[in-house]
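**Student:** Pasting a structure here, questions to come.
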Amino acid sequence: DIINGLFELGGGIILWINVLQLYKDKQIKGVHWTPVLFFALWGYWNLYYYPSLDQWASFWGGVFLVIANTVWFIQMVYYIKHPTPSS
């Protein structure tokens, strides 16, 4: 559980790099929204599943990962609907 929880937490930290880069770039190139949505939904499933296994480190790491993935997905949708001109 601890190792998996650390992977979940690490994944969340790495995803925040994408969130910050997308905020800076304000445009989507080379990434499609469907994989981001899929992994966000998988993360939400894990938030249900981990407590049933009594895996609390994985749950809390998963919370961090789900928040990052959800913010990234919302940003993607926003910038797809409100594109900014390329520099």
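The values are calculated or read from the model by the stated rules, or taken from the named source; none is laboratory data. Only a predicted model underlies this, so the values are computations on that prediction, with no experimental measurement involved. In this analysis, Cβ positions are derived from the backbone assuming ideal geometry, glycine residues included, and neighbour counts consider all displayed protein chains. Protein only, heavy atoms only, side chains kept; ligands, DNA and RNA dropped before computing areas. Shrake-Rupley method; radii C 1.70, N 1.55, O 1.52, S 1.80 Å.
**Student:** Considering (1) without any contact (Cβ under 8 Å) to a residue 40 or more places away in the chain; (2) not in a helix (DSSP H, G or I), say which one Val31 fails and leave the rest.
**Tutor:** Failing condition for Val31: (1).
**Student:** If only one of Ala57, Ala40 is modelled with pLDDT of 95 or more and open to solvent by less than 90 Å² (accessible area, probe 1.4 Å), which one is it?
**Tutor:** Unique residue meeting the criteria: Ala57.
**Student:** Could you list all residues from segment 6-32 that are more than 15 Å from the chain's Cα centre (by Cα) and open to solvent by less than 100 Å² (accessible area, probe 1.4 Å)?
**Tutor:** Result: Asp25, Lys26, Gln27, Ile28, Gly30.
**Student:** Restricting to segment 58-87, what's the tally of residues that are farther than 19 Å from Gly30 by Cβ and basic (Lys, Arg)?
**Tutor:** Within segment 58-87, residues that are farther than 19 Å from Gly30 by Cβ and basic (Lys, Arg) number 0.
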